[in-house]
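Comments concern the structure below.
The values are calculated or read from the model by the stated rules, or taken from the named source; none is laboratory data. None of these values were measured; they are calculated from a predicted model. For neighbour counting, all protein chains shown are included, and Cβ atoms are generated from backbone atoms with ideal geometry for every residue, glycine included.
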Amino acid sequence: MPAHPASSAPSLSQSTARVHEPRREDCPWCGSDRLRNRLRTGDLRQYKPGSFTVDACRDCGHTFQNPRLTVEGLALYHRTARGAPRDPASDGLLALRGSPRRHRSAARAMLRCGEPESWLDVGTGHARFPATAREYFPYTAFDGLDPTPRVVRARTADRVEEAHVGRLTDPRIAAPLRARYDVVSMLHHLEGTPDPRAELRAALSVLRPGGHLLIETLSPRCVFAALLGRWWLPYDQPRHLHLLPPQNVRAELESAGCTILALDHRPVHVPHDLAGATSLALSHALPAPDTPWRAIPPPPVQRHARTVLLRAGLPLVAVAALADHLIAPVTRRTRFANTYRVIARTAP
């Protein structure tokens, strides 16, 4: 049975109250005050305390957490606590975004741009993408940047040549890297950053003239987001802070002098919307799980019942996953697509 120290729940609740920024009354992207609420939810995957709100701008479509977590808050909700409940189904579905097949697709998309000399992968984590991309670009020097020390371990494993710990928006990191890279990639990175516009500008600053920026990120225009509400897995509150409409990213890059070479949903749509919603809804329809921050643990019979019922519900998730894949040829070509890819070239 997980330990339940008396201070666990209060300390987390107090931290949650301190780690929100003030609520915004305007859009962080365009400044419009025409906001509408998209959802209010808790932490559906890790069951950590707190309530989170996602608003959308009626003018530009930018979708964002409001009030936003601070850097301290992000660290708190990204941290995995010992004894915390896990949902293998939703965790496995989220892992599809970083599968080797999808990494190969992203790498192949860059073949049209030639063999780069140097490539920086931002938000690289364990640097699995650079390790895969090297299959297509064996003579390219891959570096990695990540807010966590995982990138250092990736360098030790020879997945990257240089490891940078921090954020690209930090001048202490960006300044030494200015105009150094032929390619910068950001795969499912922008949605978890406090300021995605600043991230884009920082990425352009470390590119050489005529360099290429590769982005894959979630689309708030996805129809599933409206249909499924808080059960739409890509919302992933509170870890995702911003969802950027593709037209906003295009306009931002073009205003910086970039040429958009590709903007497409079809190759990057992840068929997990129905299965993700089924997994989350099933998990929350059952008795609440044991967590390290509960003052009183649930009785053993409740924990056992939850385990049994979760296993019994796995066929429902499997059926939903099958439906996702059956309709994928249609959804990836329509506004049901949940992800898009942008390839941009800087001015020579």
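Which of (1) out of contact with any Phe, Trp or Tyr (no Cβ under 8 Å at 6 or more places or on another chain); (2) part of a helix (DSSP H, G or I); (3) of a type outside the set (D, E) does A281 not meet, given it meets every other one?
Unmet for A281, out of (1) out of contact with any Phe, Trp or Tyr (no Cβ under 8 Å at 6 or more places or on another chain); (2) part of a helix (DSSP H, G or I); (3) of a type outside the set (D, E): (1).
Hey, could you check the range 139-195 for residues that are in contact (Cβ under 8 Å) with a residue 40 or more places away in the chain and aliphatic (A, V, I, L, M) and say which is farthest from I215 (Cα to Cα)?
Filtering the range 139-195 for residues that are in contact (Cβ under 8 Å) with a residue 40 or more places away in the chain and aliphatic (A, V, I, L, M), the one farthest from I215 (Cα to Cα) comes out as L177.
Pick out, from the range 11-120, the strands (runs of 3 or more DSSP E) lying fully within it that include 1 or more residues that are at pLDDT 95 or above, surrounded by fewer than 20 Cβ atoms within 10 Å (Cβ to Cβ) and over 19 Å from the mean Cα position of the chain (by Cα).
35-41
Any residue at all in the range 130-147 that's within 30 Å of V54 (Cβ to Cβ) and among the β-branched types (V, I, T)?
no
Q247 is checked against (1) of a type outside the set (A, V, I, L, M, F, W, C); (2) modelled with pLDDT of 95 or more; (3) farther than 30 Å from A198 by Cβ; (4) not in a loop (DSSP other than H, G, I, E, B) and fails just one. What number does that condition carry?
(3)
Filter the range 294-334 down to residues that are crowded, with 16+ Cβ neighbours inside 10 Å and either within 28 Å of P271 (Cβ to Cβ) or small (G, A, S) (or both), then give me how many there are.
Total meeting the criteria: 10.
Does at least one position in the range 222-232 carry a residue that is within 19 Å of G123 (Cβ to Cβ) and at pLDDT 95 or above? Give the derivation first.
As a first pass, look at the range 222-232 and keep what is within 19 Å of G123 (Cβ to Cβ): none.
No, there is no match, as no residue in the range 222-232 is within 19 Å of G123 (Cβ to Cβ) and at pLDDT 95 or above.
Quick one: G257 ticks every box in (1) at positive phi; (2) buried (at least 19 other Cβ atoms within 10 Å of the Cβ) except a single one, so which number is it?
G257 satisfies all of (1) at positive phi; (2) buried (at least 19 other Cβ atoms within 10 Å of the Cβ) except (2).
Residues to consider are A312, A295, A275, A305; find the one that is farther than 30 Å from L111 by Cα, small (G, A, S) and in contact with an Asp or Glu (Cβ under 8 Å, 6 or more places away or on another chain).
The unique qualifying residue is A275.
Quick check on my filter: what residues within the range 130-140 are more than 13 Å from R155 (Cα to Cα) and either within 21 Å of the chain's Cα centre (by Cα) or part of a helix (DSSP H, G or I) (or both)?
The answer is T132, A133.
Counting only residues that are part of a loop (DSSP other than H, G, I, E, B) and touching a residue at least 24 places away in the same chain (Cβ under 8 Å), how many does the range 288-338 have?
17
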